1. Hey, can you tell me all the residues within region 1-38 that are assigned to a loop (DSSP other than H, G, I, E, B), open to solvent by 80 Å² or more (accessible area, probe 1.4 Å) and closer than 23 Å to E85 by Cβ?
2. Read through the list (1) more than 23 Å from R89 (Cα to Cα); (2) open to solvent by 50 Å² or more (accessible area, probe 1.4 Å); (3) without any contact (Cβ under 8 Å) to a residue 60 or more places away in the chain, then give the number of the only condition that D74 fails.
3. Which residue is modelled with the lowest pLDDT, if the candidates are limited to region 93-122 and must be closer than 26 Å to R42 by Cα and of a type in the set (D, E, K, R)?
4. What residue, among those in region 77-92 that are open to solvent by 60 Å² or more (accessible area, probe 1.4 Å) and not basic (K, R), is modelled with the lowest pLDDT?
5. Can you find a residue in region 46-60 that is farther than 20 Å from I134 by Cα and either buried (at least 19 other Cβ atoms within 10 Å of the Cβ) or free of Cβ contacts under 8 Å to residues at least 12 places away in the same chain (or both)?
6. Can you tell me which residue is modelled with the lowest pLDDT among those in region 123-136 that are more than 18 Å from D73 (Cβ to Cβ) and among the small types (G, A, S)?
Amino acid sequence: MIARQWDLQQAIFARLSAALAGQGVGGADVAVFDHIPQDPDRLHVRIDAFRVVPGGTRAGRTDQHSFSVHVFDDNTGEATGAGREEIARLLPLVVGALEDWQPFEGATAVQLITIDSAPDAASQGGVCKFQTMIGG
């Protein structure tokens, strides 16, 4: 059900914040956002692209919830290459935190759909896409 989208977003935010604590540059926490930040840390994660596909109108229906997690490093570039390394290091931590995790009662385990760890000059980030089913 669409009303559970906010619950899912909060659960993902908390899970990633805990999993990425101390995993940043120099042992700093990696900032997690659920919006586009104004002036983010060099290394940060953003959850977005939440989408719900309703499973029907009957009682007991199951809705498909999908979302993306982006890992950004503003140090990405041809000159340093360090940003690519940080993105490649953090993406498995994101996947490990979310894949096969049940966010709450009534939700199935989160499934990894795709992962793109090759940042380009425009996005300067990698992205993972996930989905879970939530019963109503």
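The values are calculated or read from the model by the stated rules, or taken from the named source; none is laboratory data. Because the structure is predicted, anything quoted here is derived from the model rather than measured. Every residue, glycine as well, gets a Cβ built from its backbone with ideal geometry; the counts of neighbours run over all protein chains shown. SASA here: full protein model, heavy atoms, side chains in, ligands and nucleic acids out. Shrake-Rupley method; radii C 1.70, N 1.55, O 1.52, S 1.80 Å.
1. Across region 1-38, the qualifying residue is only D29.
2. Of (1) more than 23 Å from R89 (Cα to Cα); (2) open to solvent by 50 Å² or more (accessible area, probe 1.4 Å); (3) without any contact (Cβ under 8 Å) to a residue 60 or more places away in the chain, only one is false for D74: (1).
3. So, considering only residues that are closer than 26 Å to R42 by Cα and of a type in the set (D, E, K, R), the one modelled with the lowest pLDDT is D120.
4. Per the stated criteria, the residue is A79.
5. As a first pass, look at region 46-60 and keep what is farther than 20 Å from I134 by Cα: 46.
Add one more test, that the residue is either buried (at least 19 other Cβ atoms within 10 Å of the Cβ) or free of Cβ contacts under 8 Å to residues at least 12 places away in the same chain (or both), and what stays is 46.
Yes, region 46-60 has at least one match.
6. Among residues in region 123-136 that are more than 18 Å from D73 (Cβ to Cβ) and among the small types (G, A, S), the one modelled with the lowest pLDDT is G136.
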